[in-house]
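Below you'll find the structure, written out as structure tokens, and then a few comments.
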Amino acid sequence: MTFPLDKHSSRSRREQKKFPAYLNLIRQCPCVICGAQAEAAHVRMSSAKYGKSNGRDDRWVVSLCPGHHRLFPDAQHNFGESDWWSDRGIDPLEIAQRLWDAQPDLEAMTLICLS
């Protein structure tokens with residue numbers, strides 16, 4: 001039996017995709033900024049180029065250390081996402097796409113993060 005979606009539920013919540021095994025691989029990769037041990041950082045901004053809508057989807061993640069992700073005063077969570085990445089000259093969606101395509105090859109994924 002299927003139930004209709006609650007008319008108050010958000011579109012991004014309905015479309016959210018989870019890939020826990022992939023997130024575990026990302027957490028084994030180095031930070032794309034400094035090379036330190038990382039965590040999975042979701043890229044939420046949208047892009048027509050990559051066919052990505054705004055929201056959280058485990059396919060669109062990059063590896064950032066806790067400091068660059070959320071702890072440092074200049075961490076990604078403390079600024080507008082698009083500006084933060086632009087200031088560093090990095091296209092996070094390109095990196096996320098390359099990481100997704102390279103899985104499950106952790107060595108290849110690591111090289112992507114370090115390049």
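Within segment 75-87, if we keep just the residues that are surrounded by 11 or more Cβ atoms within 10 Å (Cβ to Cβ) and among the charged types (D, E, K, R), the residue that is nearest to the chain's Cα centre (by Cα) turns out to be Glu81. What are the residues in segment 91-111 that are surrounded by 13 or more Cβ atoms within 10 Å (Cβ to Cβ), over 13 Å from the mean Cα position of the chain (by Cα) and more than 16 Å from Gln37 (Cβ to Cβ), if any? Scanning segment 91-111 gives Ala102, Gln103, Ala108, Leu111. Being over 15 Å from Cys34 (Cβ atoms) and of a type in the set (D, E, K, R) is the filter; apply it to segment 56-74 and report the residue that is surrounded by the most Cβ atoms within 10 Å (Cβ to Cβ). Checking each candidate, the answer is Asp57. From the list Cys29, Cys34, the one residue that fits, being surrounded by 14 or more Cβ atoms within 10 Å (Cβ to Cβ) and modelled with pLDDT of 95 or more, is Cys29. For segment 76-115, the set of residues classified as among the hydroxyl-bearing types (Ser, Thr, Tyr) and over 17 Å from Leu25 (Cα atoms) consists of Ser82, Ser86, Ser115, listed by residue number.
The values are calculated or read from the model by the stated rules, or taken from the named source; none is laboratory data. Everything numeric in this text was worked out from a predicted model, so none of it was measured. Using ideal geometry, Cβ is built from the backbone for each residue, glycine included, and neighbour counts are taken over all protein chains shown.
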